[in-house]
Amino acid sequence: MVAFLAAQRAALAALELACARPGSPELAAVMPDTMRALDADCADRDIRPPALMVAHEVAPLAAGYLALGSRLGVEVMRRRLVEKDVRPVPRFFLQPDATRTWAAICTKLDAVDPDGAAADGLIEDTKTGYALFAQAAGLTFDWTPT
């Protein structure tokens with residue numbers, strides 16, 4: 001759990017820094033609460049997440065897709081923690097429902113021409129964001145490929 005929380009905090013902070021417009025609606029609906037929860041969870045566990053370097057800007061729509069998509073995955077994990085009676089459940093897993101914000105992101109993505117330059121840019125920006133999560137995981141997990 002310590003490595004997971006550290007990786008999430010590091011990656012989401014870097015994603016927020018990389019966002020071309022950090023106050024954009026795509027991030028404003030989710031990031032403040034998410035970062036407060038992660039900061040509290042890290043403080044409770046004396047976790048010092050690494051700081052990641054950001055290579056280039058990421059479009060707000062790509063950043064929102066990654067941040068909110070991560071929240072949806074966390075919901076699945078939260079259910080498993082509850083089933084296993086893990087206590088206390090970190091605050092990061094107890095975020096308010098973001099289904100409507102996710103739907104708004106999906107609507108915006110659906111409006112992007114899949115064959116256009118904007119789609120190509122969003123794909124590249126999303127890859128950049130995923131690379132931030134991979135970098136954060138590599139720095140926080142003791143992982144050896146098998």
- Match the structure shown to one of the listed values [x] 3.91; [y] 1.06; [z] 1.56 of Cα Rg over 2.2 N^0.38 Å, computed from it, and give that label. [y]
- Message: Nearest 500 deg cm²/dmol is fine: what mean residue ellipticity at 222 nm does the chain get from its DSSP H runs of n ≥ 4 alone, each adding -39,500 (n - 2.57), divided by its residue count?
- Response: -21500 deg cm²/dmol
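Multiply the residue gap between Asp110 and Arg36 by 0.36 nm, knock off their C-alpha separation, and tell me the result in nm, one decimal place.
Details: separation 74, 0.36 × 74 = 26.64 nm, distance 3.04 nm.
Additional length available on full extension: 23.6 nm.
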- Taking the simple approach of a point 7 Å from Cα along Cα-to-Cβ for both Arg100 and Ala28, what is their distance in nm? 1.5 nm
- Cα gyration tensor category, rounded, prolate or oblate, for the range 48-113 with a/c compared to 1.5: oblate
- Are there trypsin sites (Lys or Arg not before Pro) in the range 58-88 that DSSP puts in a loop and that have at most 11 other Cβ atoms within 10 Å, and which ones? Lys84
- Message: Classify the range 1-55 from the C-alpha gyration tensor, please: rounded if a/c falls under 1.5, else prolate or oblate depending on whether a/b exceeds b/c.
- Response: oblate
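At a 10 angstrom cut-off on C-beta neighbours, averaged per residue, how do the peptides 99-105, 109-115, 5-11 rank from highest to lowest?
Values: 99-105: 16.0, 109-115: 10.4, 5-11: 23.9.
Result, highest mean first: 5-11, 99-105, 109-115.
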- Item | Prolate/oblate/rounded label for the range 75-146 (Cα gyration tensor, a/c 1.5) | oblate
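Taking only protein heavy atoms into account and a 1.4 Å probe, give the accessible area per residue of the chain in Å².
Numbers: 8460 Å² over 146 residues.
Value returned for the chain: 58 Å² of accessible area per residue.
The values are calculated or read from the model by the stated rules, or taken from the named source; none is laboratory data. Here the structure is a predicted model, which is why all the values come from computation and not from measurement. Every residue, glycine among them, receives a Cβ derived from its backbone with ideal geometry; neighbour counts consider all protein chains shown. For accessibility, only protein heavy atoms count, side chains too; no ligands or nucleic acids. Shrake-Rupley method; radii C 1.70, N 1.55, O 1.52, S 1.80 Å.
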